[in-house]
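The values are calculated or read from the model by the stated rules, or taken from the named source; none is laboratory data. From a predicted model like this one, the values you see are computed outputs, not experimental measurements. Here the Cβ positions follow ideal geometry from the backbone for every residue, glycine too, while neighbour counts run over all protein chains shown. Areas reflect the complete protein model, heavy atoms only, side chains present, ligands, DNA and RNA absent. Shrake-Rupley method; radii C 1.70, N 1.55, O 1.52, S 1.80 Å.
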Amino acid sequence: EHFPAILKLLGDGQPHRYLILLQNNNEVRPTGGFIGSYGILEVSEGYIKTLKVEDVYDIDNAYKPIVSPPDELKKYIPNWRFRDSNYSPDFPTSAKKARWFLELEGGPNIDTVIAINQGLLKDMLEITGPVQVGNFGKLNAENYNLLLSYIIESKIWGAEDPKHILKIFVPAFKKEILQEKNLSKVGSKIFKAIQQKHILFYSKGEDIQDFFEAFGVSGEVYSQKEKEDYLSVINSSYGWNKSDQFIEESILHDTFINLDGSITNEITIKRTHKWDNDVLNYWKQILKQYGFEEISDDLVDVLGRGTNRVLTHINVPAGSILIETNGADVETKYDKDLKKTYFFSTMETVPGKSSELRIKYLLPFSLNLKEIDAYKIFVEKQPGSRGSIFTKTLGLHPDLEVLSISPQEVKENKLGIIIYASNLVYDRYFAVALKK
């Protein structure tokens with residue numbers, strides 16, 4: 001059924017052009033991470049014809065007209081550009097905007113967009129082993145993140161082309177990773193990365209997009225069914241640093257079902273900044289091996305010590321009503337693309353400390369407990385996230401009876417509270433059948 005679409009992706013008959021968004025999820029954005037670089041890949045008759053990696057700032061800075069961003073971004077991004085095009089967690093929405101920006105700023109017409117998070121490079125380097133980068137030295141799975149960030153941010157190879165190292169690294173890496181002995185391992189890593197939303201796909205061709213959707217790689221935000229709860233916590237960094245690699249996030253989602261079937265949720269998001277001086281000492285050891293004796297305080301902040309600042313969208317079923325917060329400034333909004341209500345706030349977390357956001361809200365539907373009914377929730381992870389710690393609790397009116405629970409690892413404590421503890425490495429689903 002999808003074979004014609006696959007042939008098009010391989011450039012059968014005419015070349016197929018890809019835009020590859022290289023996202024740094026150490027600086028989190030709705031589809032994974034900040035778009036610091038991008039690649040233009042052309043495939044023809046099953047072969048890679050060209051592959052060029054470019055600095056996103058080169059094309060962005062060359063375009064002078066003002067482009068107004070969405071209202072809630074204006075405070076942080078007064079002039080919208082290609083690098084900030086991945087503003088929506090719904091990848092088709094963001095990918096269309098990325099294509100639009102690229103062409104607006106003078107880039108080529110694109111057939112298919114692929115977003116790849118930088119964290120995947122660690123998995124690939126574990127397969128290839130150290131990769132020689134010109135005369136610079138070798139990058140491996142343990143040092144690549146620090147060395148690439150240090151060289152680019154400190155402009156060691158020149159202010160005019162700070163990402164020149166990528167132009168040397170990419171061909172060398174491509175040569176190593178495409179060796180026949182590596183292909184099965186690469187396939188396994190890519191499959192896992194797709195499942196965890198570290199790689200997302202979109203195409204303007206309807207048949208190709210149908211293929212992506214059929215195989216669950218299109219990155220579309222989940223559309224919940226009638227009387228189904230939904231949650232996704234989407235963070236977008238505006239601290240202009242790479243501190244998200246040091247953030248540990250926990251999400252506690254408490255639900256209480258009343259005898260009349262009405263449902264109240266309370267979500268508590270806690271973010272802890274784990275950077276400490278041991279990290280700095282480790283950085284200095286690695287950098288010294290490559291001849292770098294100094295690292296400025298400003299650069300240390302950019303590389304991860306800086307205060308972590310994020311815009312937080314808590315996406316919930318359309319029509320949910322905010323009841324109270326822990327004092328945070330929270331706005332209730334509606335996302336017409338996602339068809340969901342969301343609670344919008346900001347969170348700031350300094351190194352060694354934690355920040356917390358708590359919101360209580362009423363769901364727009366009730367269960368019919370005169371008959372057997374079920375509370376169901378789909379919890380969707382943020383693309384690019386390494387996996388928040390997720391705990392779901394369910395409290396019931398004493399006159400309600402539990403008939404069945406899914407998944408099987410759900411526990412019930414002595415107080416009758418149902419607890420589901422997991423992580424958000426993958427999307428999660430939870431359901432309880434009830435009656436009076």
Neighbours by Cβ (under 6 Å, 6+ apart or cross-chain): first from the stretch 130-153, closer than 20 Å to LEU120 by Cβ; second among the basic types (Lys, Arg) and assigned to a helix (DSSP H, G or I): ALA141/LYS122
Residue hits (the stretch 118-141; out of contact with any helix residue (DSSP H, G or I) (no Cβ under 8 Å at 6 or more places or on another chain) and closer than 30 Å to TYR63 by Cβ) are GLY119
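Residue by residue, here is whether (1) under 30 Å from ASP298 (Cβ atoms); (2) at pLDDT below 90; (3) in contact with a helix residue (DSSP H, G or I) (Cβ under 8 Å, 6 or more places away or on another chain); (4) loosely packed, with under 13 Cβ neighbours inside 10 Å holds:
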position	(1), (2), (3), (4)
ILE151	yes, no, yes, no
VAL186	no, no, yes, no
PHE191	no, no, no, yes
GLN195	no, no, no, no
Taking the stretch 40-62 only, how many residues are under 20 Å from LEU104 (Cβ atoms) and either among the hydroxyl-bearing types (Ser, Thr, Tyr) or in contact (Cβ under 8 Å) with a residue 40 or more places away in the chain (or both)? 6
Note on the stretch 104-129: residues without any contact (Cβ under 8 Å) to a residue 60 or more places away in the chain and in contact with a Phe, Trp or Tyr (Cβ under 9 Å, 6 or more places away or on another chain) are LEU104, GLU105, GLY106, LEU121, LYS122, LEU125, THR128
Would you mind stating whether GLU324 is surrounded by fewer than 18 Cβ atoms within 10 Å (Cβ to Cβ), at pLDDT 95 or above, within 22 Å of LYS274 (Cβ to Cβ) and of a type in the set (Asp, Glu)? no
Being open to solvent by less than 20 Å² (accessible area, probe 1.4 Å) and part of a loop (DSSP other than H, G, I, E, B) narrows it down to one residue among LEU363, LEU338, LEU303, LEU311; which is it? LEU338
Need the failing condition index for ILE177 against (1) under 29 Å from PRO15 (Cβ atoms); (2) open to solvent by 30 Å² or more (accessible area, probe 1.4 Å), just the number. (2)
Residues being modelled with pLDDT of 90 or more and farther than 27 Å from ILE234 by Cα - total across the stretch 390-424: 10
Residues located in the stretch 406-433, provided they are surrounded by 15 or more Cβ atoms within 10 Å (Cβ to Cβ), closer than 15 Å to ASP229 by Cα and more than 26 Å from the chain's Cα centre (by Cα): VAL432, ALA433
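Residue by residue, here is whether (1) open to solvent by less than 30 Å² (accessible area, probe 1.4 Å); (2) under 21 Å from VAL300 (Cα atoms); (3) among the basic types (Lys, Arg) holds:
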{"residue": "ASP111", "(1), (2), (3)": "no, no, no"}
{"residue": "ASN117", "(1), (2), (3)": "yes, no, no"}
{"residue": "LEU146", "(1), (2), (3)": "yes, yes, no"}
{"residue": "GLU160", "(1), (2), (3)": "no, no, no"}
{"residue": "LEU183", "(1), (2), (3)": "no, no, no"}
Look at ILE263 and say whether it is under 30 Å from PRO398 (Cα atoms) and among the β-branched types (Val, Ile, Thr). yes
Checking GLU294 against (1) modelled with pLDDT under 95; (2) part of a helix (DSSP H, G or I), which single condition isn't satisfied? (2)
Can you list residue pairs whose Cβ atoms sit under 6 Å apart, with the first residue in the stretch 380-393 being over 10 Å from VAL28 (Cβ atoms) and outside any loop (DSSP other than H, G, I, E, B) and the second being among the charged types (D, E, K, R) and open to solvent by 10 Å² or more (accessible area, probe 1.4 Å)? Count only pairs 6 or more apart in sequence or on different chains. THR393/ASP254
Identity of the residue in the stretch 395-436, free of Cβ contacts under 8 Å to residues at least 12 places away in the same chain and assigned to a strand (DSSP E or B), that ends up farthest from ILE257 (Cα to Cα): LYS411
If you scan the stretch 94-152, which residues turn out to be in a helix (DSSP H, G or I) and within 12 Å of ILE165 (Cα to Cα)? TYR144, LEU147, LEU148, SER149, TYR150, ILE151, ILE152
Give the stretch 228-270 a look and list any residue that's touching a Gly at 6+ places or on another chain (Cβ under 9 Å) and assigned to a loop (DSSP other than H, G, I, E, B), or say none. GLY239, TRP240, ASN241, LYS242
